[in-house]
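Report on one structure; see the data block that follows.
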């Protein structure tokens, strides 16, 4: 019994280290706050860890036995670790594909763009746009000068083609001036409301912009002074405005 406990404990320790490594990659690089909530990084990491725990320490409880020969135990653990490693790499790859690459400001809102959005549309990213260890960017659109080109993009997007947020060649860094021009006042959201973003500090120092994530709208609050994201609120601003 003691030897089984040691085997399970060792397997748990190794799994914990692997889970810690995935947490660093996901929460500090691919899905830093608030993207971990916006793009589902928390749920993806929880799924990866749950599968690792099920295939790791829990399996040790089943396969380890003092009655088995060392070769048999080694074979069992080789199979389990292989399955566990395959599941971990698959989970990490899924998180990589779902990771947010940018918040792109288009017209009157931000669009969340993920790695998978470009992969699904066979879009080749420009060199330097993103790499394996890059974090999400705040971007805006640099509209083409040619009117025919603009008309063509408008026509394509109208009939289900790619809009500007899925055309990285038109993306450029978001400037603080642009952000301040589009930030909307918070007061209209705060009629008869006690939400955190209705505090005096937020009202004076921040503004908000709608965020579209595959048709689901929410709100991003930015500092007017620095242009940094202060918080994300998972509420449809148009419903709030309508109710007020």
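Below is a table of values for the structure above.
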read-out: Additional length obtainable on full extension of the chain from residue 162 to residue 201, 0.36 nm per residue less Cα span; value: 10.2 nm
read-out: Overall form of the stretch 177-244 per C-alpha gyration tensor (a/c, 1.5; a/b vs b/c); value: oblate
read-out: Computed [θ] at 222 nm, helices only, for the chain once each DSSP H run of length n ≥ 4 contributes -39500 (n - 2.57); value: -15000 deg cm²/dmol
read-out: Of 117, 146, 234, the one that fluctuates the most in a GNM where the chain has Cα springs shorter than 10 Å; value: 146
read-out: Estimated FRET transfer efficiency (residue 154, residue 37; beta-carbon r; R0 35 Å; 0.05); value: 0.60
read-out: Gain in span if fully extended, residue 61 to residue 146, counting 0.36 nm per residue against the direct Cα distance; value: 23.9 nm
read-out: Gain upon complete extension [residue 107, residue 29; 0.36 nm per residue less C-alpha separation]; value: 25.3 nm
read-out: Using alpha carbons only: equivalent-ellipsoid semi-axes of the chain, gyration tensor based, whole Å; value: 45, 24, 14
read-out: Value of Rg/Rh across the stretch 2-98 [Cα atoms, Kirkwood radius]; value: 1.08
read-out: Residue of 97, 44, 74 that the Gaussian network model of the chain assigns the largest fluctuation, springs spanning Cα pairs under 10 Å; value: 74
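Throughout, read-outs are computed from the coordinates displayed, never taken from laboratory work. This is a predicted model, so every value here is computed, not measured. Cβ atoms come from the backbone with ideal geometry, glycine included; neighbour counts cover every protein chain shown.
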